[in-house]
Ligand SMILES: [Zn+2]
C-alpha cells in the first residue's frame, strides 16, 4: 500500500477516511459533537475509536489534532496504522484508543488554536491557582501580534524581536513566543482563562475509556518544529522521572526533553501530556509528542502570527484570508509523498515500540516484512 493515501487534504475528508477505516477495522466508534461549524458550514466533532478488548490492561492512545491544523499528520498516521492492519494484530491484553481531531475547530479552520483562540497544549493548567507568567511575551506582545498586518508592522515587529534576540538569545526568544502566555487573549500561544471545550472533551474521553487500564502509552502527534519529515520524540516528563526513563527504554535514546535543552521545543506550561498522569491516577503513563518538522521556525511563527491577526482583525474568506490559510497549512502540513511516508514509517515504529512496552517486552525494532522482531533491552 501507499502511505500517502492515508492522508487527507481537508478536515472533512480526514474525518470520513478515519471513520471508514475505523469501521472496517472493527473499531467501536463514538463522536463528541463540537458546538461550532467548519468554514464550509459542515459539522465538527471529535471521533473516538477503540480497538481490542475493553478491559485491556495496556492501552496505546494516539491523539491527532491537539493543535488543529497539525491534525493532517496525526490523522494520516492513524489511518495508516489501520490501513496496514495493525489494529487486527494487537497482542493479548493490549488495546488502542484513537482520538481523531481533539481540536476539530482548529483542524477544519486551519488554525493551531481552539475556537476560544486557546492553545490546547498550554491550557492544562490549574486555573484556580496563579497562572504562569511570561514576561518576555508581555514585553513583545505588540510586536508579535500587531493590530495591522502590514509590511511595515511586520518589519517593525521583526526589528523588536531581533533586538530581544540580540539581548537575550534564541532560547529566551523562543520561550517568550511559544512557552505559553495567559494575559493576551488575542495573542498566540495563549493558554486561556478556563478549560477549553477540547480539554473538557479529552478529559471525559480519558475518564470513560481509560479508567480500567493499568498501563497507558500516549503518542500525541504534532508538526512544525525540526527538520523536514523528521519525527522528534519529545518527552515532557523530566529526565530521571520514571515516565521519562520508561519512554527512553521503549522509544530509544533519541528521545528529547524541553527540560534539559535537547528538544527543539521550548519548555512549555499547561501541556496535555504533562497533565495525563493526573487524569489517570491508576495507570502507569508513558507519553511522548511525535513532532514532525515542516518549514523553518521563522516561517512557522510568521504563519501563526498572521493567522492570529486574521481571526482577530481580518476576514478568513477574503483573498488575503485565503492566502494566510494557505500559508499556515503549508507551515504545519508537509503535503508531499516523501513527508507522508516519513510520518507513516516513524509513527508505525513508535506505535509498535509502545505496544511492546505495554506488554513489558522491552525494546522493539522493525523487521522486514509485516512482522516485527524483538531486541532485548
Ligand atoms: Zn503542536
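The values are calculated or read from the model by the stated rules, or taken from the named source; none is laboratory data. Everything quoted here is computed from the prediction, not taken from an experiment. So basically every Cβ, Gly included, is an ideal-geometry build from the backbone, and we count neighbours across all protein chains shown.
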Residue that is farthest from the ligand (Cβ to nearest atom) [pool: residues in region 226-236 that are more than 17 Å from residue 353 (Cβ to Cβ) and touching a helix residue (DSSP H, G or I) at 6+ places or on another chain (Cβ under 6 Å)]:
229
Residue check for residue 107: touching a residue at least 12 places away in the same chain (Cβ under 8 Å) and within 29 Å of residue 75 (Cβ to Cβ)
yes
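Let me confirm something: among 308, 289, which residue is in contact with a strand residue (DSSP E or B) (Cβ under 6 Å, 6 or more places away or on another chain) and within 16 Å of the ligand (Cβ to nearest atom)?
Working: 308 fails: in contact with a strand residue (DSSP E or B) (Cβ under 6 Å, 6 or more places away or on another chain).
Step by step, each of 308, 289 is checked, and only 289 is in contact with a strand residue (DSSP E or B) (Cβ under 6 Å, 6 or more places away or on another chain) and within 16 Å of the ligand (Cβ to nearest atom).
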Give the residue that is farthest from the ligand (Cβ to nearest atom), with candidates limited to residues of region 42-70 that are within 23 Å of residue 332 (Cα to Cα) and assigned to a loop (DSSP other than H, G, I, E, B).
42
Based on this model, can you work out whether residue 298 counts as in a helix (DSSP H, G or I) and at pLDDT below 95?
yes
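Yes or no, residue by residue, for (1) closer than 27 Å to residue 107 by Cα; (2) within 16 Å of the ligand (Cβ to nearest atom):
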{"site": "155", "(1), (2)": "no, no"}
{"site": "163", "(1), (2)": "no, no"}
{"site": "169", "(1), (2)": "no, no"}
{"site": "177", "(1), (2)": "yes, yes"}
{"site": "184", "(1), (2)": "yes, no"}
{"site": "202", "(1), (2)": "yes, yes"}
{"site": "220", "(1), (2)": "yes, yes"}
{"site": "224", "(1), (2)": "yes, yes"}
Any hit, region 28-43, residues being over 29 Å from residue 119 (Cα atoms) and buried (at least 19 other Cβ atoms within 10 Å of the Cβ)
no
Selected residue [within 14 Å of residue 25 (Cβ to Cβ) and away from the ligand (no atom under 16 Å from the Cβ)] from 89, 129
89
Taking region 182-203 and keeping only residues that are without any contact (Cβ under 8 Å) to a residue 60 or more places away in the chain and within 18 Å of the chain's Cα centre (by Cα), one is left with 200
Looking at this structure, is residue 263 under 18 Å from residue 74 (Cβ atoms) and within 14 Å of the ligand (Cβ to nearest atom)?
no
Filter region 1-25 for residues that are surrounded by 13 or more Cβ atoms within 10 Å (Cβ to Cβ) and not in a helix (DSSP H, G or I); the one that is farthest from the chain's Cα centre (by Cα) is 25
Residue that is part of a loop (DSSP other than H, G, I, E, B) and either at pLDDT 95 or above or touching a helix residue (DSSP H, G or I) at 6+ places or on another chain (Cβ under 7 Å) (or both), where the choices are 213, 176, 249, 254:
213
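Across region 271-284, what is the number of residues that are part of a loop (DSSP other than H, G, I, E, B) and more than 13 Å from the ligand (Cβ to nearest atom)? Give the steps one after another, and end with the answer.
Filtering region 271-284 for residues part of a loop (DSSP other than H, G, I, E, B) gives 271, 280-283.
Restricting the remaining residues to those that are more than 13 Å from the ligand (Cβ to nearest atom) gives 280-283.
Number satisfying all stated conditions: 4.
Give 77, 108 a once-over and let me know the one that is at pLDDT 95 or above, assigned to a helix (DSSP H, G or I), within 16 Å of the ligand (Cβ to nearest atom) and surrounded by 22 or more Cβ atoms within 10 Å (Cβ to Cβ).
Values: 108 fails: within 16 Å of the ligand (Cβ to nearest atom).
The match here is 77.
Among the listed residues 312, 306, 323, 287, identify the single one that is at pLDDT 95 or above, outside any loop (DSSP other than H, G, I, E, B) and within 19 Å of the chain's Cα centre (by Cα). Full working, then the answer.
On the way: 312 fails: within 19 Å of the chain's Cα centre (by Cα); 306 fails: within 19 Å of the chain's Cα centre (by Cα); 323 fails: within 19 Å of the chain's Cα centre (by Cα).
Going through 312, 306, 323, 287 in turn, just one is at pLDDT 95 or above, outside any loop (DSSP other than H, G, I, E, B) and within 19 Å of the chain's Cα centre (by Cα): 287.
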